[in-house]
Amino acid sequence: MAHSATPVIRSSRAASVLRMLQVASVLSVLNLAWQFVTAGGLLAGGAPESLHAAGAIALHVVTGIVALAAIAWFRPFGGPLWPAVVAVLVFAASFVQAAYGARDSLAIHVPGAMVLTVGAVWITAWSFAQGRN
């Protein structure tokens, strides 16, 4: 009887990790949308820079959670390694973005935002595809 309970616990843990990955991934994409809106406001002279800066901090947090969840999905549940690598790279890139966030380095900051967005959307789409398996 105790042996039959193990798969249920394991699948419950796997479902929890996957749900955390999905929720954090969606939050990262929504946060990037916020960053685009506030960046547009900054360029137009209408949004306070503090809104964009607060979004950057939130982006570090949610991409960090995505990275941890992707690693947790890979390690004990035998998931593929590449989503964890992409998630860690997106997390690291969020700090590079912050370092190049000044007006004089927009030639780096704007393409970096595109790379972050592609990575975040890719992880989000992949995480929801896992829910169908």
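Please treat every number below as a calculation from the coordinates, not as lab data. This structure is a prediction, so every number in the text was calculated from the model and none was measured. Because the Cβ atoms are built from the backbone with ideal geometry, glycine has one as well, and the counts that use them run over all protein chains shown.
Would you mind calculating the gained length between S11 and V118 on full extension (0.36 nm times residue separation, minus the Cα-Cα distance), in nm to one decimal?
Additional length available on full extension: 35.6 nm.
Run the simple label-point estimate for R19 and A125 please: 7 Å along Cα→C-beta, distance reported in nm.
Label at R19, label at A125, 2.6 nm between them.
By what distance, in whole Å, do the Cα atoms of the chain stretch along each of the three principal axes, largest value first?
66, 23, 21
Rounded to whole Hz and in sequence order, give me ³J(HN,Hα) for segment 101-118 from the Karplus expression 6.51 cos²θ - 1.76 cosθ + 1.60, θ = phi - 60°, writing x for Gly and Pro.
Karplus values, whole Hz, x for Gly and Pro: x, 6, 4, 7, 10, 5, 5, 9, 5, 5, x, x, 5, 5, 4, 4, 5, 4.
How long is the gain from L42 to A92 if the chain were fully straight, where each residue apart is worth 0.36 nm and the alpha carbon distance is subtracted?
15.6 nm
With r as the distance between the Cβ atoms of I57 and I108 and R0 = 22 Å, compute the FRET efficiency 1/(1 + (r/R0)^6) and round to 0.05.
Efficiency for this residue pair is about 0.65.
Looking at V62, F95, L51, which one has the Cα that reaches farthest to the positive end of the dipole of the chain (charges on Cβ: Lys, Arg +1; Asp, Glu -1)?
So the residue we want is V62.
Compute the relative contact order of segment 2-130 as a whole-number percentage, counting only Cα pairs closer than 8 Å that sit 6 or more residues apart in sequence.
30
What is the angle, in °, between the Cα long axis of helix 2-44 and the longest principal axis of the Cα atoms in the chain? Nearest 10 is fine, range 0 to 90.
10
Quick one: helix 82-99 against the long Cα principal axis of the chain, what's the angle to the nearest 10°, folded into 0 to 90?
20
Test of understanding: what is the full-extension gain from V26 to S50, defined as 0.36 nm times their sequence separation minus their Cα-Cα distance?
Net length gain for the segment: 6.4 nm.
What ranking of F74, F91, F128 emerges when the number of other C-beta atoms within 10 Å of each C-beta is taken as an exposure proxy, fewest first?
By the 10 Å Cβ count, ascending, the order reads F128, F74, F91.
Could you tell me how many degrees, from 0 to 90 and to the nearest 10, lie between the Cα long axis of helix 49-74 and the main elongation axis, the longest principal axis, of the Cα atoms of the chain?
20
Non-local amide H neighbours of G79 (under 5 Å, H modeled in plane, Pro and chain starts lacking H): which ones?
F74
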